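Let me begin by presenting the structure, written as structure tokens, before commenting on it.
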Amino acid sequence: MDQLPRKLGLLDATMFVIGIVIGSGIFLLPNLIARSLPSGAAIVGVWVVAGILSAFGAFAYAELGAMMPHTGGQYVYLREAYGEMWGFLCGWVFVIAVIPAGTAFLATGFSIYLAHFIPLSPWERVAISLALVTVLSAINYIGVREGAWVQRIFTSLKIGGLLLLIIGALSAPHITQQTAAAPVVSYSGYGIAMAACLMAYNGWSYVSFIAGEVTEPQRNLPRSLWLGMAAVMLLYVSANVAYMNVMTVSEIAAAERVGATVAERVAGPIGASALSIVVLMSIIGAINGCILTGARIPFAQARDGLFFSQFGHIHPRFHTPSFAIAVQALWSGVLIITGSYETLADYSILSAWVFYTMSVAAVWVLRRKLPDLPRPHKMWGYPFTLWAFLIVSVWFLLDALVNQPKVSTIALLFGAAGVPFYYLWRSKKQ
């Protein structure tokens, strides 16, 4: 078989968008945001603005995905817009750091939440994290449909659980928010909150990696991004409104696990336990989505002769990028055991945003570079939506450089470290 078969429909693609974006952020990040923005209106506002801006980015990917529905997605867009090297550097950052570090981070978080039910030693937590990554990787190894069914099940369960939490909190007696003095909100507070919200919405781009396996991609890819981001934004904003119905902003700021605290207030200890189960299911869905989509990047690179050829291998029976999935699981396991995933995650997120920004800008570049290429779906609101996303993204990157110079510099150097490897593979290819 020369190409990966198209077996994923609109529902599958939409579930990947929702399942990857909604991890554990909505249950934990409200704490950080409330510390930065001591105003309920400001908190809801920043979640709305971050959601709209993320949707603008998704609109760009909808045009690119419908125009070039190939496996590798974002890697392909950068390659066509700016040249092979930029596509390779994107793959370098995502394959080495973004996907495996994110997977390891989520798997470790799963074991921490599981400890709510079962006392676990540090090594037992590591073993459970490794087992989770191994099982989900094995499922995706034997078939994309099997991986898609896991995504359907756990994303549906997480949506159901989150809706129950929202409905329960909104149905509880309303608590009066403190209004003794007008809260003072600083620029830095807005910056921290906006960065946290953008991170919570992160992951919508991953569906582009499996574009080559989606049926009727010109129609289903744009629809999955629209539907998925609309659902995520509705759930996120509703959850924050629900949180503030039963807790004051200061209480949210002081709560370590906001979602669990809200659930406990609404339904007692049983509610807190139920919320922990929802978080566990949410994490499983996010990990599964990362495993399935992430393996498609080195697969696409290898097919272009810009990575080890084994990564471009398609299993003769299962019709999956089996070698890429196996190595990805192995590298994620190494990061879990060593604990280095936290460092990689911190350094890689800024590099990832550089490529998100460049990918959205690719809509403008390709409309001039390849004006005659068929575009079954065009970016909604262009050029306003494109420039709005780019302006905020540039602000986000510059703000990180100013306020986190060490981490930002290392992140950029990490991305640049892929340049000599690009020329190495390029020379082999030639």
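Bear in mind these aren't lab numbers, they're just calculated from the coordinates by the rules spelled out. Since this is a predicted model, take the numbers as computed values, not measurements. We place every Cβ from the backbone using ideal geometry, glycine too, and count neighbours over all the protein chains shown.
Would you tally the net charge around Phe105, using a Cβ to Cβ cut-off of less than 12 Å, leaving Phe105 out, and scoring K and R as +1, D and E as -1?
Residues close to Phe105 contribute a combined charge of -2.
Given the options Met358, Thr409, Trp331, identify the residue whose Cα lies farthest towards the positive end of the charge dipole of the chain (+1 on Cβ of Lys, Arg; -1 on Cβ of Asp, Glu).
Positive-end residue among those listed: Met358.
By count of other Cβ within 10 Å, fewest leading, how are Arg303, Arg317, Arg375 ordered?
Ordered from fewest to most neighbouring Cβ atoms within 10 Å, Arg303, Arg317, Arg375 come out as Arg317, Arg375, Arg303.
Determine, for the chain, the count of lysine pairs separated by eight or more sequence positions (or lying on different chains) whose alpha-carbon distance falls under 27 Å.
Number of lysine pairs found: 4.
Taking the Cα atoms of the chain, what is the range of coordinates along each of the three principal axes, in descending order and whole Å?
69, 47, 42
So, counting K/R as plus one and D/E as minus one, what does the shell of residues with Cβ under 10 Å around Glu216 add up to?
The answer is +3.
Taking the Cβ of each residue in Phe16, Phe389 as the centre, tally the other Cβ atoms inside 10 Å and list the residues starting with the fewest.
Phe389, Phe16
Between the range 1-43 and the range 320-386, how far is it from one alpha carbon centroid to the other, in angstrom?
Each part's Cα centre sits 15 Å from the other's.
Report, in debye and to the nearest 20, how large the dipole of the chain comes out about its Cα centre when Lys and Arg carry +1 and Asp and Glu carry -1 on their Cβ.
Taking the Cα centre of the chain as origin, the dipole is about 740 debye.
Quick check: net charge around His319, other residues with Cβ under 12 Å of its Cβ, Lys/Arg +1 and Asp/Glu -1?
Once positives and negatives cancel, what remains is +1.
Going by C-beta contacts inside 10 Å, put Phe27, Phe117, Phe311 in order with the fewest on the left.
Phe117, Phe311, Phe27
What Kirkwood Rh does the range 64-195 have if only Cα atoms enter the pairwise 1/r average? Answer in Å.
By the Kirkwood definition, the hydrodynamic radius is 19.7 Å.
Given a cut-off of under 8 Å on Cα pairs at least six residues apart, what relative contact order in percent is computed for the range 231-382?
9 percent
Let's test the formula: R0 of 60 Å, r as the Cβ-Cβ distance of Ser427 and Leu120. What FRET efficiency results, to the nearest 0.05?
Once the sixth-power term is evaluated, E becomes 0.80.
Calculate for the chain the 222 nm mean residue ellipticity that helices alone would give, adding -39,500 (n - 2.57) per DSSP H run of length 4 or more and normalising by residue count, nearest 500 deg cm²/dmol.
Dividing the helical sum by the residues of the chain leaves -25000 deg cm²/dmol.
Find the relative contact order for the range 10-429 and round it to a whole percent, using C-alpha pairs within less than 8 Å whose residues are 6+ positions apart.
Across the range 10-429, relative contact order equals 36 percent.
For the chain, take the longest principal axis of its alpha carbons; what is the angle in degrees between that and the long axis of helix 322-338, to the nearest 10 within 0 to 90?
40 degrees
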